[in-house]
């Protein structure tokens, strides 16, 4: 098989489709200038053969095979080689039926594919095809590249031996030997594994199973003993069930007899009760005929008189209380009249004083405003350089004539007008707000009057109706008695306490807002979450300080721990983190997890003695109060490792003096911190000027909360008791008071109807409000016009230059100060005006109130006089009614004594009847109990039968077979002679032992023991087999070594012979050979048992053998290396050889000789040689010449006719 033709397209420098061929079947040469594409043809052959090492063909990636790496429009590379396959001796296996083979490889998009005779093929299939004809491109003996000949000439003896081994094919033996040695290693590992299994698994397991076998036997014996005891106990239970059934049947019969006796007695009792009922009817008839009706009628009259007496008494009490209330109201009204008179006089004085102050303020405003205007005119003069028009000229031109004013004067004028309008707008708004408030009050009053009074006739009807209701309420109220003054005093006490509590609550809320970091907010993470149980609160809220002087030191001790939230367990903290909806980062302290370091007390006492002052140092924990049962560990965690010191000197010794033996964190009362690690911090000696510390704040908050919890508890309890006792009185009194007030108001309204007065005032205020709003809208419109003018003028000023800014700075500063003074004066003036208006409105209101109060006082005096006369008349009527009732009561008592005799007889019969009923009820109850007992006993019998059946079903039929022996004296089931309690205890103990042993006893121990013993025997057999296999492998390896040495010796001899012949052909009067490194033997004279370790090249010139190749010239060494390569190729021939500039280091004559050797010694192989020397390609039959034209390689072909003729002649 030889190459006939190569087609390249887009491959490296061959951008266009290029055909190289046809090739001569023997000797082909390629020549051309450097870089023209000679070696690319050789690379294409390796490319098609599927070379994997891209560096061998001068590429880093598949894209390097494409022309200019695909950047010149060519995106793929394709190479096809056509092989002549007519020589079937050289044809590859499986392809001898083809006379021609075409192999193509294409690279596109960084992917590669192969075609064999136009069909897709894998890379491995292509490799196998060429390997079958000794063309392994990844171990290419057929490919000799530049520098390889020189490398061979410089090879070490071991490398040369490797070339011989490769040519002889003994590498196969090495591979098989390596595999065999691996197998031996595996056998050794298997032996080691078998021995390990026997030592660590089988033998200990067998020993353990033997122990388990003993335990199993003991377990079996114990189970047998337990079964015997259990069977005897089951038989005893069965026997007891039979015995109990017989006794239960006897009890049922006795209860049935007793039930019959109770039923007969109940029948007798029923008859006796009927007889008693007859007797009672006779007595009642006689009683009704003699005295019953008279007493009833007399009692009815007496009750009616009592009701009338009670009503008269209630009316009397009501009139008396009403008179007292009227007198008290008159006294209160007189006091209020006096207060209103004094208040009106004071208001008049205040208004006069305020008006005088307002006049002074207005004068000051005018003065300040004039000063501002002077500064503005001065500012304008400096700014514009024009004269400022005086006020007189402006007045002459009129207020609205702006034509003769400068822009600056216009701006000042508009701003002044805008300020005046702003004051008017504010005043109008105040008037509107005031009239709106007054209208709201008057409308509410009008609505109230309309709903209560309506027209005059409707008010009269309502007055009479309420009067009737009031009389009835006062009658009901007279029936009750209660100390109202005591209730008022108690309420006053509770109110004082509530006011104090409200102040405390306000203070507490204020402190909470100021110290929001102490507020821990969260939502319940689970339903029914107990907050009090699971969340204790912030550390800062769980203790109190003993003395506030330690507050700063303790706060520094705790630091950030004060804001940690204390929970009961870490589970609670996890729930809160996950579901608590926390609004900020929180550190939780679970009480079940925290640990602490506590300084021992003996160390502190020792340090105090050393310091000589018992009050010089304190453990921080000892300066706080807390719940020891809950928070002992917590306080140790927060305060247990810090010492509070009175002075800095002592703190320094506590932290750093090892003699004291503390070496703990020390903090002074002033807040200086001494850390044993050498860190000091302090400062801030603000003393009394500093605010309260956090702990002082928390202490105050805790005290406030405690005051709120304990506040007014005693007074409130007493008040609650009075309120409970007085609920009815309070409701009635409220109704009476309400009705009384309503009636009084109705009386006043009937005397003077206020509906017309209210409507007139409302109409007037509405008109005033409408006018004020209209004026307000006009002022606001005027203000908008002025703002537009001011904005327009200010825009003009903004565009002017800033050259005069520096000159105007001082004037502007004075203007700001003056304007600020004007604003302040105007503000004070407006406030004074508002104050005067408020005082005038208060004065007007109080004068109206005084007139109303005077009228009410006159009405009250008339009412008191009428009520006094009504009370005297009621007292006389009450006295007469009491005499009548006393007479009726005496007559009623006489009649009642006769009626009592009849009632006693009837009562005696009823008592007897009740005793009989009680007896009958007890009998019925006992009957019911007996019925239930009979049912229970019958159920016991059924249950016993069921249990007997379950015992038989559970424990087999042996119960039925053996039951006749149960309880028989002297037998196996002689229960009388058995200690049942001891048997039950023994059975229980045996059962526990069986249960306990069953967990540890392996019932499979017997089977497992046999299995392990069999496994032990199998492992011994396997061990013998492995040892035998290992010995066989070692024997085969020894035979392989022997065959390798024989094949290597033959190859050495043949290659050595060819080496000498080729070298003598290339270099006349010279010879070459390969000698062994160990012993320096020639191939023909070496001992048969010689094991080669390396081969050396020896060269002879004339009769002198050179010691080393270093004595040769470069060309001679190249010829020696090339001769050895050609000798190796001749020993293991291939159908194709590729040589790339192997003659680079040779002169023309030697190059000619190489061509002759190739033609003479390799008649059955195809050579493709790249060379630049005529001596080489002149021997070739076909010469290909490459050129590089316009960036693309081209190829031309020429035949060497004399060589073709010589070739034909040789054939």
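Read-outs throughout are calculated quantities, based only on the coordinates presented, and are distinct from any laboratory measurement. This is a predicted model, so every value here is computed, not measured. Glycine also receives a Cβ, built like all others from the backbone with ideal geometry; neighbour counts cover every protein chain displayed.
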Margin query: Can you show me the helix-derived [θ] at 222 nm for the chain, built from DSSP H runs with n ≥ 4 at -39,500 (n - 2.57) apiece and divided by the number of residues, rounded to the nearest 500.
Written below: -23500 deg cm²/dmol
Next item on the list: Treating the angle as unsigned and between 0 and 90°, give the value, to the nearest 10°, between the Cα long axis of helix 293-384 and the longest Cα principal axis of the chain.
Entry: 60 degrees
Next item on the list: Just round it to a whole percent: the fraction of Cα-Cα distances in the stretch 537-677 exceeding 21 Å.
Entry: 45 percent
Margin query: If R₀ is 56 angstrom, what is the calculated FRET efficiency for the pair residue 982 and residue 561, using the beta carbon separation as r and rounding to 0.05?
Written below: 0.30
Checklist line | Neighbour-count order for 11, 1162, 83, fewest beta carbons within 10 angstrom listed first | finding: 1162, 83, 11
Notebook entry, point to check: Over what distance in Å are the Cα centres of the stretch 537-599 and the stretch 1108-1184 separated?
Noted result: 95 Å
Item checked: Two-site FRET efficiency, residue 767 against residue 343, from Cβ-Cβ distance with R₀ of 30 Å, rounded to 0.05 -> 0.50
Check: Taking Cα atoms of the stretch 1083-1174, Rg/Rh with Kirkwood Rh, to two decimals?
Finding: 1.01
Next item on the list: Give me the compactness ratio for the chain, meaning the Cα radius of gyration over 2.2 N^0.38 Å.
Entry: 2.02
Margin query: As I understand it, the value is the acute angle between the Cα axis of helix 157-168 and the longest principal axis of the Cα atoms of the chain; what does it come to in degrees, rounded to 10?
Written below: 80 degrees
Check: Antiparallel DSSP bridges in the chain: what percent, to the nearest 5?
Finding: 70 percent
Checklist line | Degrees, to the nearest 10: 203-287 long Cα axis against longest axis of the chain | finding: 20 degrees
Checklist line | Ranking of 829, 738 by count of other Cβ atoms within 10 Å, fewest first | finding: 738, 829
Notebook entry, point to check: Under a no-solvent Debye model with one identical scatterer per Cα of the stretch 3-122, what's log10 I(q)/I(0) at q = 0.10, 0.20 Å⁻¹?
Noted result: -0.31, -1.17
Check: With r defined as the distance between the Cβ atoms of residue 297 and residue 261 and R0 fixed at 51 Å, what FRET efficiency is calculated, to the nearest 0.05?
Finding: 0.45
Margin query: Once the cut-off is 15 Å, how many percent of the Cα-Cα pairs in the stretch 811-890 end up in the long-distance tail?
Written below: 79 percent
Notebook entry, point to check: Tell me, in nm to one decimal, what length is gained between residue 156 and residue 352 on full extension, where the rule is 0.36 nm per residue of separation less the Cα-Cα distance?
Noted result: 57.3 nm
Checklist line | Inter-probe distance in nm under a simple model that places probes 7 Å from Cα toward Cβ, at residue 949 and residue 875 | finding: 9.7 nm
Checklist line | Considering only the stretch 537-677, percent of DSSP beta bridges that pair antiparallel, nearest 5 | finding: 55 percent
Check: Quick one: 642, 369, fewest Cβ neighbours within 10 Å first, how do they rank?
Finding: 369, 642
Next item on the list: Subtract the Cα-Cα distance of residue 1100 and residue 333 from 0.36 nm times their separation in residues, and report this length gain in nm to one decimal.
Entry: 260.4 nm
